[in-house]
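A.B. asks: Take a look at the following structure, please.
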Amino acid sequence: MNVFMIICHKNPIQVERLIHVCKTKFTDVILHVDANMNLDDFSNLKSSINRCVKKFGGGVYLTDSRLHGELDDRSLIDITMELLIKAKQVEKLENKKYQYFALLSGQDYLIKPITWIEGELERSYPEPFIDCTPYDRENWLYYKFKKNHKVIAFNRWISNSLKKGVIRSGFRICAMVFEAMLPIVKKTAYHSLKREKIELYGGSAWWILPDIVIDYVISEISRKKSYIDTILNEVNTPEEVFFQIMAMRSSLKSMVKVNPSNQREQNCKTWAYFSDKGKPFRGHPYIFTEGEFEKIRENECWIARKFDLLEDSKIFDMIDDYILYK
């Protein structure tokens, strides 16, 4: 069996649709609902889950705790751990054993039939499917490990809260001075991790990992290793480095397909629509619409993101009719 773990923060009806295309007798679904999600929406979502449970005879679960997730800090790792804890509880209570654990966003959608994905996972076990690029002074990971995440958050606050002018310029200068002085009193995450001989990697936050890697992650966190705290608390966007580092410290390190250090394209089973002809890279994925359907059908990935039922519902019907249920 496998388990799909979904991080949900909006659009409960869309999440229900995602559950329907993921759930089979060989694949369970565990859902984390963001703590900031409207309680009325949450109530509707629970009804949706109940419908799924009734339809599939079980195999759909909610995490016991609800956290609020934010980009760039450890909250998304904490949410993922809540999902993993729930998965382990289900294994124990229901005498199940998951081979693969897949992390999805509530705005993802399958672009390959779930039965086909299950077959590929059975054939590939225990290969980890994770986008993994080694740190290099010349690549994008330099920014993540060498820049202090508090300085990044401060600069983001300046950009979002202050209008252009003398005051904003003054705050920018303060941020530059703060960043220049900070290494004198506090080591960067890079220096702290290298001192502990931790090899640095990064990549997409979305992955499909085998039980062997997941068990290693849970074990390392339970042992309260100091390097874990450094990654979670000091690295900018830890969700894009933590599981890569852990996979490369596990017994399956040799099975991870490591990207060249200068590669920017993601190499995982989730296709994030970051750029295209006439659509420049902007740091966040574009929303898929029906105009991208042929590209979706031709793409080799198993999952795509991101979708929004409120912006374009027809793309879901097209994927269902011509890919998932053809």
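A.B. asks: Which of the residues spanning the stretch 254-271 are of a type in the set (D, E, K, R) and modelled with pLDDT under 95? Steps first, please.
C.D. replies: Of the residues in the stretch 254-271, the ones of a type in the set (D, E, K, R) are 257, 264-265, 269.
Correct list: Arg264, Glu265.
A.B. asks: Something else about it: Please work out which residue is nearest to Lys269 (Cα to Cα), limiting yourself to the stretch 3-27 and to residues that are within 18 Å of the chain's Cα centre (by Cα) and either open to solvent by 10 Å² or more (accessible area, probe 1.4 Å) or of a type in the set (D, E, K, R) (or both).
C.D. replies: Ile7
A.B. asks: Is there a residue being farther than 27 Å from Trp302 by Cβ, in contact with a strand residue (DSSP E or B) (Cβ under 8 Å, 6 or more places away or on another chain) and open to solvent by 50 Å² or more (accessible area, probe 1.4 Å) anywhere in the stretch 194-205?
C.D. replies: Within the stretch 194-205 (the criterion being farther than 27 Å from Trp302 by Cβ, in contact with a strand residue (DSSP E or B) (Cβ under 8 Å, 6 or more places away or on another chain) and open to solvent by 50 Å² or more (accessible area, probe 1.4 Å)), the answer is yes, since at least one residue qualifies.
A.B. asks: May I pose another question? State which residue is nearest to the chain's Cα centre (by Cα) when the search covers only the stretch 276-309 and only residues that are of a type in the set (Gly, Ala, Ser) and not in a loop (DSSP other than H, G, I, E, B). So that I can check it myself, show each step before the final result.
C.D. replies: Here is the first cut: in the stretch 276-309, the residues of a type in the set (Gly, Ala, Ser) are 278, 283, 291, 304.
Among the residues that remain, those that are also not in a loop (DSSP other than H, G, I, E, B) are: 291, 304.
Details: Gly291: 26, Ala304: 12 Å.
Result: Ala304.
A.B. asks: For the stretch 62-112, enumerate the residues that are among the polar types (S, T, N, Q) and not in a helix (DSSP H, G or I).
C.D. replies: Hits for the stretch 62-112 are Thr63, Ser65, Asn95, Gln99, Ser105, Gln107.
A.B. asks: I need a count of the residues in the stretch 262-307 that are among the aromatic types (Phe, Trp, Tyr) and open to solvent by 30 Å² or more (accessible area, probe 1.4 Å).
C.D. replies: Total satisfying the criteria: 4.
A.B. asks: Please specify each residue of the stretch 206-232 satisfying the condition of being open to solvent by 10 Å² or more (accessible area, probe 1.4 Å), assigned to a loop (DSSP other than H, G, I, E, B) and touching a residue at least 12 places away in the same chain (Cβ under 8 Å).
C.D. replies: Trp206
A.B. asks: Only residues that are closer than 28 Å to Glu70 by Cα and open to solvent by 40 Å² or more (accessible area, probe 1.4 Å): list them for the stretch 308-326, please. It would help to see each step written out before you state the result.
C.D. replies: Keep residues of the stretch 308-326 that are closer than 28 Å to Glu70 by Cα, which gives 308-313, 315-316.
The answer is Leu309, Leu310, Glu311, Ser313.
A.B. asks: Yes or no: the stretch 36-45 includes at least one residue that is outside any helix (DSSP H, G or I), of a type outside the set (A, V, I, L, M, F, W, C), more than 27 Å from Pro113 (Cβ to Cβ) and free of Cβ contacts under 8 Å to residues at least 60 places away in the same chain.
C.D. replies: yes
A.B. asks: When you check Pro238 against the structure, is it touching a residue at least 60 places away in the same chain (Cβ under 8 Å) and more than 15 Å from Arg74 (Cβ to Cβ), yes or no? If you could, list the steps in order and put the result at the bottom.
C.D. replies: On the way: touching a residue at least 60 places away in the same chain (Cβ under 8 Å): yes; more than 15 Å from Arg74 (Cβ to Cβ): no.
So Pro238 does not fit the description; no.
A.B. asks: Going by the conditions given, is Asp312 assigned to a loop (DSSP other than H, G, I, E, B), more than 20 Å from the chain's Cα centre (by Cα) and not aliphatic (A, V, I, L, M)?
C.D. replies: Yes: the conditions hold for Asp312.
A.B. asks: Is it the case that some residue within the stretch 72-88 is open to solvent by 60 Å² or more (accessible area, probe 1.4 Å), modelled with pLDDT of 95 or more and among the polar types (S, T, N, Q)?
C.D. replies: Looking for residues that are open to solvent by 60 Å² or more (accessible area, probe 1.4 Å), modelled with pLDDT of 95 or more and among the polar types (S, T, N, Q), one finds none in the stretch 72-88, hence no.
A.B. asks: For the stretch 202-238, give me each residue that is at pLDDT 95 or above and of a type in the set (D, E, K, R).
C.D. replies: Hits for the stretch 202-238 are Asp211, Asp215, Glu220.
The values are calculated or read from the model by the stated rules, or taken from the named source; none is laboratory data. Predicted model only: the values in this text are computed from it and were never measured. Cβ: placed from backbone, ideal geometry, glycine included. Neighbour counts: every protein chain shown. Remember, those area values only see protein heavy atoms, side chains included, never the ligands or the DNA or RNA. Shrake-Rupley method; radii C 1.70, N 1.55, O 1.52, S 1.80 Å.
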